[in-house]
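Below is one structure, written out as structure tokens; the observations come after it.
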Amino acid sequence: MNAIYSNTPVSPKFVDRLRSMPKAELHVHLEGATDATTVWELARRNNVTLPASTMEEWQAMYTFRDFNHFIDIYFLATECMQTPDDFIFMIERFLEQQAQHNIKYCEAFLSASFMLDKFPQDEIIAALIEGVKRGEAKHGTRLYFIPDIARHEPETGHRVLDFVLKGKEQGIFIGLGLGGKEVGFPPELFSDVFAEARRQGLHVVAHAGETEGPQSIWGAIRSLQVERIGHGVRAIEDQQLVEYLRKTQIPLEVSPCSNYRLKVVPFNEPHPIRVLMDQGVYVTVNTDDPPMFSTDLTSEYLLLARQGFSWDELWQLNLNTVEASFLSDEEKAIYRAEWQAFVLQ
Ligand SMILES: [Zn+2]
């Protein structure tokens, strides 16, 4: 695996501090956070055939040639998740992993377009509630879901919305997202569904500006009126857009390792989050699909430290994540106080 650009040595003490700082995360996919071993176990349990004869071969397929290759593997992984109990199991493991990095609060995507035909909606919602209840009790990390529409399956849009509204009533979903293949499926295709979601009081977010350029980000802002943008790093190709993002402070959910692994950013270059932050754009740090990109949230902050970010800058990014969350002001205040207590230690 190629080494990602770094120009600044970091002490083990600094790494410990990054690991122990309380964190929040806003852009991580439940299915993509499920590691290769777990997917392999689920495949065996559910009699799903993967195109690999050993666990090692399956693991080796997590080296992605490009974005479409990644989506193909991601889809295969979701095929192995066949029962509501699988989701309870995955959520408990996910929250265990998040707690290892002291992630106190998390908003995670669910690939809803891929699950609609597998389970009755009530059953899967009950399983998600149960998984969150068990995981939160054991590991102390709070979790809400943002189910997303796979943009390359646009016909699922209204059914996903219906599912999200049901789960919102039960307190487990807080928003609607848009993921999947960005190329060929512009945000404008989803303007009706997103308008309805906003009317129904859902928060709305969309992946944009990852494999497509600034036009996709403008589309997500103008057609979908998103409150945050997943990735958005290709905004740097359009100075007018950078200026718009600076003025409006629409947060970007940036996932540096994901961008390197999917070749959105070349390995030998610093990540554009530096330029975006320096120009006053509101940025946050996230993992996207941690085991698929050999990362975790501590490693994401560490990567930025190795690219010259100071402790104060990393701390600001960490605070940004709480402020950009969909929590109420009262709830944010609780996390702010916890973050403050860490600084005073
Ligand atoms: Zn993502």
Of the conditions (1) out of contact with any Gly (no Cβ under 6 Å at 6 or more places or on another chain); (2) closer than 19 Å to E300 by Cβ, I73 satisfies every one except a single condition; which number is it?
(2)
Being within 16 Å of the ligand (Cβ to nearest atom), part of a helix (DSSP H, G or I), under 19 Å from the mean Cα position of the chain (by Cα) and hydroxyl-bearing (S, T, Y) narrows T321, T298, T284 down to just T321
Which residues, counting only those in segment 18-60, are away from the ligand (no atom under 16 Å from the Cβ) and of a type in the set (V, I, T)?
T37, T38, V39, V48, T49, T54
Quick one: T63 ticks every box in (1) in contact with a helix residue (DSSP H, G or I) (Cβ under 8 Å, 6 or more places away or on another chain); (2) more than 16 Å from the ligand (Cβ to nearest atom); (3) touching a residue at least 24 places away in the same chain (Cβ under 8 Å) bar one, so which box is it?
(1)
In segment 168-184, anything closer than 19 Å to H27 by Cβ and either exposed (fewer than 15 other Cβ atoms within 10 Å of the Cβ) or modelled with pLDDT of 95 or more (or both) is listed as I172, F173, I174, G175, L176, G177, L178, G179
Would you say V254 is within 20 Å of the chain's Cα centre (by Cα) and either among the β-branched types (V, I, T) or away from the ligand (no atom under 14 Å from the Cβ) (or both)?
yes
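Please find, within segment 121-142, the residue that is farthest from the ligand (Cβ to nearest atom) out of those that are outside any helix (DSSP H, G or I) and surrounded by fewer than 23 Cβ atoms within 10 Å (Cβ to Cβ).
G140
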Where in segment 10-120 are there helices (runs of 4 or more DSSP H), lying fully within it, with 1 or more residues that are within 21 Å of T295 (Cβ to Cβ) and in contact with a Lys or Arg (Cβ under 8 Å, 6 or more places away or on another chain)?
36-45, 67-79, 84-100
Filter segment 324-341 down to the residues that are touching a residue at least 12 places away in the same chain (Cβ under 8 Å) and surrounded by fewer than 16 Cβ atoms within 10 Å (Cβ to Cβ), then identify the one that is nearest to V205 (Cα to Cα).
R336
Within segment 47-65, the residues that are surrounded by 12 or more Cβ atoms within 10 Å (Cβ to Cβ) and closer than 27 Å to R151 by Cβ are V48, L50, W58, M61, Y62, T63, F64
Looking at segment 159-211, which of its residues are over 21 Å from G131 (Cα atoms), of a type in the set (V, I, T) and not in a loop (DSSP other than H, G, I, E, B)?
V193, V204, V205
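Which residue, of L302, L262, is closer than 22 Å to E25 by Cβ, touching a helix residue (DSSP H, G or I) at 6+ places or on another chain (Cβ under 6 Å) and surrounded by fewer than 21 Cβ atoms within 10 Å (Cβ to Cβ)?
L302
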Residues of segment 161-182 classified as closer than 16 Å to A195 by Cα and within 16 Å of the ligand (Cβ to nearest atom), total
4
Return yes when F163 is over 18 Å from N68 (Cα atoms), in contact (Cβ under 8 Å) with a residue 12 or more places away in the chain and aromatic (F, W, Y) and no when it is not.
yes
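For S216, are the conditions met, namely being at pLDDT 95 or above, touching a strand residue (DSSP E or B) at 6+ places or on another chain (Cβ under 9 Å) and not aromatic (F, W, Y)?
yes
The values are calculated or read from the model by the stated rules, or taken from the named source; none is laboratory data. Just so it is clear, the structure is predicted and the values come from calculations on it, not from any experiment. All Cβ positions, even for glycine, are placed from backbone atoms using ideal geometry, and neighbour counts span all protein chains on display.
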